[in-house]
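Asker: Below are the structure tokens for one structure; questions will follow.
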Amino acid sequence: MTTQMTTQTKREIVLTGDRTTGKLHLGHYVGSLKNRLQLQRQYETYIMLADVQALTTHFHRPELLAESVRQVALDYLSVGIDPERSTIFVQSMIPEIAELTVIFSMFVSVSSLRHNPTVKHEAKERGYEDLYYGFLGYPVSQAADITAFKATLVPAGENQIPHIEQARKIVRRFNELYAPVLVEPDILVGERLDGLDGGSKMSKSLGNAITLDASPEEVSMQIRKAKTDPARIHKTDPGHPDRCTVFGYHCIFRPEGSEDIRENCQKGAIGCAACKAMVTDAIEDVMQPIRERRETYKHRPRYIDEVLMAGTAKARSAARQTMGEVREAMGIHYFK
Ligand code: TRP
């Protein structure tokens with residue numbers, strides 16, 4: 001009877017995280033936070049404030065990390081991440097992650113990192129030519145983030161697929177070299193949200209994002225300015241919804257009404273202003289409860305610190321356990 005139960009309900013260990021380089025935005029919500037809210041109800045869940053990974057691009061601004069760690073933690077609580085269900089922790093306070101990174105780095109080739117499409121894209125976006133060692137190697141550190149907790153499932157955006165692939169390869173290699181102690185993770189890919197300027201993904205560094213702490217006025221102003229079908233000048237011009245950022249928002253925030261919008265836009269029967277007002281309402285349905293929760297946590301910085309300290313202590317003990325097994329598998333535990 002118990003075997004049947006265990007084969008039917010796979011026990012997942014969920015781990016994911018965010019770089020602490022500023023506030024989170026709606027793209028994070030759609031791409032990952034939404035999935036985490038579901039997963040935390042069923043599974044053991046770890047959520048990491050990736051301050052070390054943030055250093056790969058912000059090593060010259062460590063003060064930004066200190067501020068962002070708390071900002072992102074507040075974003076988590078505001079969207080409904082429940083510290084009773086999810087272990088929220090700080091990456092730099094888990095030295096085992098750094099240890100595991102060093103061990104993995106011995107058998108990861110530089111060329112496999114150079115070919116990682118997300119690393120390439122980010123390097124180009126930032127104008128990096130001669131890559132920093134830590135930046136090129138961050139997927140190795142990310143593999144350590146995941147495997148230190150034996151995570152089986154990583155809810156993240158599509159741009160994280162190459163990193164999870166890399167982590168799976170590292171796990172296979174480690175297990176074959178030493179002993180099968182590490183676990184290959186799967187990714188749960190969330191939806192992609194385009195930025196307000198159309199085309200590229202919503203991202204803070206591109207300045208095309210709606211942050212999760214935006215006021216109703218800011219949300220409505222930002223949507224009013226959002227890019228639509230450039231071929232549509234008059235309300236009666238037939239529109240091309242598939243070329244319109246705002247139509248993409250309809251599909252995500254009010255999917256039940258999106259086919260109507262498509263038809264009416266194509267017929268020139270609805271203008272962009274009305275269309276935008278409808279999607280703004282749908283976005284507000286998501287934002288309003290986030291704003292309310294933020295009000296309750298915003299004035300409790302001490303509570304946030306306590307959540308992070310308790311989460312970090314718990315995460316540390318899990319990572320220490322794995323690191324012990326790793327040393328044992330490699331036979332580098334000299335003094336028992
Ligand atoms: N690379 C992720 C991002 O840019 C952040 C991250 C760090 C992460 N470590 C992770 C995501 C482990 C998932 C699992 O958003």
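What follows draws every value from the coordinates through simple rules; no lab data is involved. Computed from a prediction, not measured in an experiment: that's the story for all the values here. Positions of Cβ are generated from backbone atoms using ideal geometry, with glycine treated the same way; all protein chains shown enter the neighbour counts.
Asker: If you keep only loop residues by DSSP, which trypsin sites (Lys or Arg not before Pro) in region 180-261 have at most 14 other Cβ atoms within 10 Å of their Cβ? Please report the intermediate quantities before stating the final value.
Answerer: Details: sites: Arg192, Lys201, Lys204, Arg224, Lys225, Lys227, Arg232, Lys235, Arg243; in loops: Arg192, Lys227, Arg232, Lys235.
Passing both the DSSP loop test and the Cβ count: Lys235.
Asker: Tell me the relative contact order for the chain as a rounded percent, counting alpha carbon contacts under 8 Å between residues six or more apart.
Answerer: Values: 489 pairs, mean separation 74.0, N = 336.
Relative contact order for the chain comes out at 22 percent.
Asker: Another question, if that's okay. Note down the magnitude of the dipole of the chain about its Cα centre, charges +1 on Lys and Arg C-beta and -1 on Asp and Glu C-beta and zero elsewhere, to the nearest 20 debye. If you can, show how the numbers build up before the last one.
Answerer: Working: 43 positive and 43 negative charges, 56 e Å.
For this selection, approximately 260 debye.
Asker: Multiply the residue gap between Tyr303 and Val110 by 0.36 nm, knock off their C-alpha separation, and tell me the result in nm, one decimal place. Let's see the in-between values first.
Answerer: Values: separation 193, 0.36 × 193 = 69.48 nm, distance 4.25 nm.
Full extension of this stretch gives 65.2 nm more.
Asker: With θ set to phi - 60° and the Karplus curve 6.51 cos²θ - 1.76 cosθ + 1.60, what are the ³J(HN,Hα) couplings of region 61-73 in order, to the nearest whole Hz, using x for Gly and Pro?
Answerer: 9, x, 5, 5, 5, 4, 6, 6, 3, 6, 4, 5, 4
Asker: Using alpha carbon coordinates only, what is the Rg to Rh ratio of region 239-336, with Rh defined as the Kirkwood radius? Numbers along the way, then the final one.
Answerer: Details: Rg = 25.2 Å, Rh = 18.2 Å.
Result: Rg/Rh = 1.38.
Asker: Let me ask something else about it. Can you grab the distance from the C-alpha centre of region 229-266 to the C-alpha centre of region 62-82, Å, no decimals?
Answerer: Value for the Cα centre distance between the two parts: 34 Å.
Asker: Continuing with this model, one more query. At q = 0.12, 0.21, 0.25 Å⁻¹, work out log10 I(q)/I(0) for region 1-91 with the Debye formula, treating every Cα as an identical point scatterer and leaving solvent out; two decimals please.
Answerer: Cα-only, vacuum Debye calculation for region 1-91: -0.42, -0.98, -1.24.
Asker: Further, regarding this structure: So what are the three principal axis dimensions of region 179-313 from its Cα atoms, in whole Å, longest to shortest?
Answerer: In descending order, the Cα extents are 60, 46, 29 Å.
Asker: Tally Lys/Arg at +1 and Asp/Glu at -1 over every other residue whose Cβ is under 10 Å from the Cβ of Ala50; what's the total? Don't skip to the answer; put the middle values down first.
Answerer: Details: positive: Arg19; negative: Asp18, Asp51, Asp145.
For residues surrounding Ala50, the net value is -2.
Asker: Let me ask something additional. Compute, for region 13-84, the length of the dipole vector about the Cα centre, with Cβ point charges of +1 (Lys, Arg) and -1 (Asp, Glu) only. Units Debye, rounded to 20.
Answerer: Magnitude of the dipole: close to 200 debye.
Asker: Over all pairs of distinct alpha carbons, what does the Kirkwood formula give as the hydrodynamic radius of the chain, in Å? Walk me through the numbers before you get to the answer.
Answerer: On the way: mean 1/r = 0.0464 Å⁻¹.
In the chain this quantity evaluates to 21.6 Å.
Asker: Same structure again: So what is the 222 nm mean residue ellipticity for the chain from helices alone, if each DSSP H run of at least 4 adds -39500 (n - 2.57) and you divide by all residues, rounding to the nearest 500 deg cm²/dmol? Present the calculation step by step, with values, prior to reporting the outcome.
Answerer: Working: 15 runs with 184 residues, N = 336.
Value at 222 nm, helices only: -17000 deg cm²/dmol.
Asker: Amide H to amide H under 5 Å from Lys201: which residues, 5+ apart in sequence or cross-chain, H placed 1.01 Å off N in plane?
Answerer: Result for Lys201 returns Gly195.
Asker: Run through the DSSP bridge list for the chain and note the antiparallel percent, rounded to the nearest 5. Write out the running numbers ahead of the final one.
Answerer: Values: 2 of 19 bridges.
Antiparallel bridges: around 10 percent, rounded to the nearest 5.
Asker: Separate question: Sorting Ile81, Ile88 on the 10 Å Cβ count, fewest up front, what's the list? If you can, show how the numbers build up before the last one.
Answerer: Numbers: Ile81 20, Ile88 25.
Starting with the residue having the fewest Cβ neighbours, the order is Ile81, Ile88.
Asker: With unit charges on the beta carbon (Lys/Arg positive, Asp/Glu negative), name the residue among His299, Ile270, Ala214 whose Cα is farthest towards the positive pole of the charge dipole of the chain.
Answerer: Sorting the options by dipole projection puts first His299.
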